1. Would you mind stating whether A:ILE181 is in contact (Cβ under 8 Å) with a residue 12 or more places away in the chain and within 12 Å of chain B (Cβ to nearest Cβ)?
2. Please go through (1) open to solvent by 20 Å² or more (accessible area, probe 1.4 Å); (2) touching a helix residue (DSSP H, G or I) at 6+ places or on another chain (Cβ under 9 Å); (3) more than 8 Å from every other protein chain (Cβ to nearest Cβ); (4) assigned to a helix (DSSP H, G or I) for B:VAL173 and return the number of the only condition it doesn't satisfy.
3. Just to be sure before I move on: is A:ILE131 more than 14 Å from every other protein chain (Cβ to nearest Cβ) and either crowded, with 19+ Cβ neighbours inside 10 Å or modelled with pLDDT of 90 or more (or both) in the structure I sent?
4. Would you check if there is a residue in the range A:70-84 being over 17 Å from the mean Cα position of the chain (by Cα) and assigned to a loop (DSSP other than H, G, I, E, B)?
5. Just to check your reading of the model, which residue among A:ALA219, A:ALA153, A:ALA187 is farther than 30 Å from A:VAL100 by Cβ and open to solvent by less than 60 Å² (accessible area, probe 1.4 Å)?
6. Only residues in the range B:12-38 that are surrounded by fewer than 16 Cβ atoms within 10 Å (Cβ to Cβ) count as the first member; pair them with residues that are among the polar types (S, T, N, Q), Cβ under 7 angstrom, at least 6 apart or cross-chain, and list the lot.
7. Looking only at the range A:39-60, count every residue that is touching a residue at least 24 places away in the same chain (Cβ under 8 Å) and either under 28 Å from B:SER200 (Cα atoms) or open to solvent by less than 80 Å² (accessible area, probe 1.4 Å) (or both) and tell me the total.
Amino acid sequence: MFDLKASYDMFLGILGVLPTTLLLAITILVLSTLLGVVIALIQQYKIPVLVQLIGLFKLFLRGTPMVVFLYLMYYALPAMGQLIVSLLGIDYNMNNLSPVIILVVTVSLTLSTFQSEIIRGSFLAVDYGQIEAAHSLGYSFFQTFKRIIAPQAFVHAVPDFANSFTVAIKATSLGFLITVIDIFAQAKIMAAQNFRFIEAFLMVALIYWGIGILITKFADRYENDVRIK
Amino acid sequence: MEMNMQALLLEFLKALPINIIIIIMSAALGLLFAVLLTILRIKKIPVISQMADLYVSFARSVPGLILLFIAYFGIPKILPLIGLSSVDVSPMHAAIISMGFYHSGYISEVFRPAYLSIDKSQHDAADSLGYTPTKKFFRIILPQVIPVALPGYGNGLVYLIHDTSLIFAIGIVDIMGTAELFISRSDGTNQIFIYFIIASMFSAMCFTADSLVRKLERRTAIR
């Protein structure tokens, strides 16, 4: 019942879509980190209205599964985009909005609140004595930030960023619901051709597992190599 | 239109018990299995502990959706092999088993650090006072582990509730499935509104779980 040859073919077929999935996940990670920086800054400086909005958004995300959020965006984003586009006076039909963009926007928004927490935490983890030492040596604010704080905060953040990357990769598996073809959707398509569902899903699981192990190994090694002893 | 919305809300309320049953059953299964996993990983039994570690890394790096599909297609194929061909596996069973196992991988990673966070001197003190291992665990260790583990467990519970929103993918007509049917019947109108209702239903479940765990936290806090 379990066909090894078919599994191998599936494995290769699914691997073919892996670069797309990784690219999606990297895009999501970069976007959510940028957004996370913005959110962290807003929370740090307690900018009125925006802080409350972010609090509301976090509450929404705490209670709402990503699938539901994805469907909401799938139906709401084209309409919202159309409004913005027409206000800007650009002639573009938002109904042609690619589902890939909707997936990326949804997952990035979801991850951005996690990223902001990671960024805040890693900056707070930098010892204040380091900043005082830099000041006493005559470093300017930007020099302190660039040479002293940021490198140390980055080291703290890497393990958590690796974790976020895994979350992003896992989240792209929801893409098949809105016709984005990632490794999971590819497996479903290939399985539907010869009804070897078990083989297909096991191979996908294997690939996800492999990626997960690689990311963990990378994060561990980075921590061991770079950690300031 | 008005009538339609009322009918929809009624359908949602009818489908909600399915979600709740699956959440409760998989939370129970997950808790049981996570405790077992944690014991196996802490005891350091050769081979078995490594297998438990491997399992946890698997459950944590594979999306819940895929475990759901593996359980849905895999369990009916495995059962005849162990002589249980007459047992009928419904999508509900597949959902409970896969979600339970997925959940167990997450919370086992909460329980293990919580157990390890207990100072070694606590073990030594209990031993020196002549506590038996069982007594030591239930009287000394567990009451200290629980407050440490509860916040993480609460998060795990919320994620479990989130993940059960995927079960409609294997054909279970829960609230998500109901929404899909309703949208296809009404030619795709009001989708945003419908998914907002679903979001609020899931939020209600998550916040209930959150407040229950917080209540437990207050009761078990070490004063």
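1. no
2. Here B:VAL173 meets the rest and fails (4).
3. In short, no.
4. no
5. Within the list A:ALA219, A:ALA153, A:ALA187, the selection yields A:ALA153.
6. Between residues of the range B:12-38 that are surrounded by fewer than 16 Cβ atoms within 10 Å (Cβ to Cβ) and residues that are among the polar types (S, T, N, Q), there is no close pair.
7. The total comes to 6.
Rundown of residues vs (1) touching an Asp or Glu at 6+ places or on another chain (Cβ under 6 Å); (2) within 13 Å of chain B (Cβ to nearest Cβ); (3) open to solvent by 20 Å² or more (accessible area, probe 1.4 Å), yes/no style:
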residue	(1), (2), (3)
A:ARG62	no, yes, yes
A:VAL68	no, yes, no
A:LEU77	no, yes, yes
A:VAL85	no, no, no
A:TYR92	no, no, yes
A:LEU109	no, no, yes
A:PHE114	no, yes, yes
A:ILE118	yes, no, yes
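The values are calculated or read from the model by the stated rules, or taken from the named source; none is laboratory data. If you're wondering where the values come from, they're calculated on a predicted model, not measured in any experiment. As a convention, Cβ positions derive from the backbone with ideal geometry for all residues, glycine included, and neighbour counts pool all protein chains shown. All accessible areas refer to the heavy atoms of the entire protein, side chains included, with ligands and DNA or RNA removed. Shrake-Rupley method; radii C 1.70, N 1.55, O 1.52, S 1.80 Å.
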